[in-house]
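The values are calculated or read from the model by the stated rules, or taken from the named source; none is laboratory data. Since we're looking at a predicted model, the values are computed, not measured. Neighbour counts run over all protein chains shown; Cβ positions are idealised from the backbone, glycine included.
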Amino acid sequence: MAKLKLGVLASGRGSNFEAILTAIQKGNLDAEIKVLVSNKKSAGALAIATQNGIPSVHLSFKAFALPNEYGSELIKVFSKYDVNFAVLAGYLKYLTPEFISNYQNKILNIHPALLPSFGGNGMFGNHVHVAVLKRGCKVSGATVHIVDEIYDHGPIILQKSVPVLDDDTEKTLAARVLKVEHEIFPKALQLFAENRVRLDGNRAIILER
Ligand code: GRF
């Protein structure tokens, strides 16, 4: 595909967004960030965009009567900035079917567990790590996957595991998982930049270089 022109959606701190930015700056990811959109005015991600001279837009969900209107506005913003690939970097809002079909197989999400375990509705942020600890898992990790219309369901691009230690709290586990998130998210995007992802149903095949 053509050069990745990224539109990043983030609701919070923005450390994944920053990791992607750093990978681009270091020459490890052949992509350009065209715009950062956040639904939260206080999001750290917005500040990171400003500090790095990346155009950013605050799009409050509450400003729209219907999710579809929000979705249409998002499409408008992305096309204004000439985005051809969407990245969900800690984005906590619903995406409309219209948005998803506009960027079919061109939306990546990062999930802080090894999907398909600990995914789906309600499984976000700390809830994931709490559930992993409660279940007594000995490993957890992070997953980068393509977004389709079912939460946390689309083809898996990359996963990396981390150990769960006996004395872990959700905080220590989250920190260990976050480290690998920062590693695999830019890597997964680079696979798309190199046109090395082929889909076979819900399975992504990664082509050798
Ligand atoms: C990450 O743990 C990500 O997996 C989840 O939300 C968190 C976002 O962190 N979806 P950050 O805003 O990228 O720092």
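Structure notes:
- Here E208, E149 are screened, and the one residue that is of a type in the set (D, E), surrounded by fewer than 18 Cβ atoms within 10 Å (Cβ to Cβ), within 21 Å of S11 (Cβ to Cβ) and more than 16 Å from the ligand (Cβ to nearest atom) is E149.
- Residue that is nearest to the chain's Cα centre (by Cα) [pool: residues in segment 103-139 that are buried (at least 18 other Cβ atoms within 10 Å of the Cβ) and part of a helix (DSSP H, G or I)]: V128
- Yes/no for A45 being within 11 Å of the ligand (Cβ to nearest atom) and touching a residue at least 12 places away in the same chain (Cβ under 8 Å): yes
- Qualifying residue in segment 190-209 (condition: farther than 19 Å from I100 by Cβ, in a helix (DSSP H, G or I), out of contact with any Lys or Arg (no Cβ under 7 Å at 6 or more places or on another chain) and not polar (S, T, N, Q)): yes
- Among the residues of segment 106-142, just one is in contact with a Pro (Cβ under 8 Å, 6 or more places away or on another chain) and closer than 23 Å to R198 by Cα, namely A142.
- Test: residue in segment 80-96 that is on the phi > 0 side of the Ramachandran plot and not in a strand (DSSP E or B): yes
- Only listed residue being within 16 Å of the ligand (Cβ to nearest atom), under 25 Å from A19 (Cβ atoms) and in contact with a Gly (Cβ under 6 Å, 6 or more places away or on another chain), chosen from L133, L114, L92, L88: L114
- Against the conditions (1) surrounded by 14 or more Cβ atoms within 10 Å (Cβ to Cβ); (2) within 16 Å of the ligand (Cβ to nearest atom); (3) closer than 25 Å to K187 by Cβ, Q51 satisfies every one except (1).
- Boolean, A49 is in contact with a Pro (Cβ under 9 Å, 6 or more places away or on another chain), modelled with pLDDT of 95 or more and not charged (D, E, K, R): yes
- Selection within segment 1-28 - touching a strand residue (DSSP E or B) at 6+ places or on another chain (Cβ under 8 Å), more than 9 Å from the ligand (Cβ to nearest atom) and modelled with pLDDT of 95 or more: L4, K5, L6, G7, V8, L9, I20, L21, I24
- Qualifying residue in segment 55-70 (condition: within 16 Å of the ligand (Cβ to nearest atom), closer than 30 Å to A175 by Cβ and surrounded by 16 or more Cβ atoms within 10 Å (Cβ to Cβ)): yes
- Failed criterion for R198 (all others in (1) away from the ligand (no atom under 15 Å from the Cβ); (2) crowded, with 19+ Cβ neighbours inside 10 Å hold): (2)
- All conditions in (1) out of contact with any strand residue (DSSP E or B) (no Cβ under 9 Å at 6 or more places or on another chain); (2) without any contact (Cβ under 8 Å) to a residue 24 or more places away in the chain hold for E170, with the sole exception of (2).
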